[in-house]
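Note sheet for the following structure.
Just so it is clear, none of the values below were taken in a lab; they were calculated from the coordinates. Computed from a predicted model, the values in this text were never measured in an experiment. Reconstructed Cβ throughout: ideal geometry from the backbone, glycine too, with neighbour counts over all protein chains shown.
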Amino acid sequence: MKKNKLLIIALASVSVLGACSKKNDTPAVIDYYEQQDQMARPAINTVFVDASEKDKFNTTTPSAMGGQFLSKFKTKLLALNPGYTTNALSQNADALTGLLSTDVLNVSTTAPTTFFDGTNVLTGRALADDVIDVELLLIFGGPAGTSNPGLTKDNVNANDKAFLASFPYLATPH
């Protein structure tokens, strides 16, 4: 019986000592990351955000972007195109600037991945999508997409190098 008590005490001591053993007291290194840029829709930040607010826009969470930038985007849209009524998506100025001021890339799991192909709109973005032409069309093209024809294309019709057929898909650098 005395041996059993000693064994129990020994096991309890080992358990307590094991639980209290000194761990490495060096604090874990904590990495902090800071968002520097948002670019879901290319050129939107460039065109619609004033230089003094670029950093603010780039670090604003998407859920807060509309509240902070929508009216500024609308003012800029109407300065760029004073005759704006609706666009090829039937969006008035409020609808378009509401869409643009929240800089996120929409993705559909049921439609083809495209920025705009005439039928599918903002269902993602394929590498070969001409997003600048789409944005110019939505800003200057009017309801039928035919208004201001000199302003609805950037006349850059392809990437300067072919995309790869397999991952990583991007063209090789020059």
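The modelled label-to-label distance for the pair residue 86/residue 166, using points 7 Å beyond Cα in the direction of Cβ, is 4.8 nm. Each listed q (0.19, 0.20 Å⁻¹) maps to a log10 I(q)/I(0) for the stretch 44-146 from the Debye sum over equal C-alpha point scatterers, namely -1.01, -1.10.
I need the semi-axes of the equivalent ellipsoid of the stretch 96-169: take the C-alpha gyration tensor, multiply each eigenvalue by 5, square-root it, list largest first in whole angstrom.
On the way: eigenvalues 101, 61, 23 Å².
Each semi-axis is √(5λ); the values are 23, 17, 11 Å.
Calculated over the stretch 67-121, the projected area of the Cα convex hull averaged across directions stands at 4.4 nm².
The length gained on full extension between residue 107 and residue 79, counted as 0.36 nm times the residue separation minus their Cα-Cα distance, comes to 7.1 nm.
Summary of packing: across the peptides 117-129, 95-107, the per-residue average of other C-beta atoms within 10 Å ranks them, highest first, as 95-107, 117-129.
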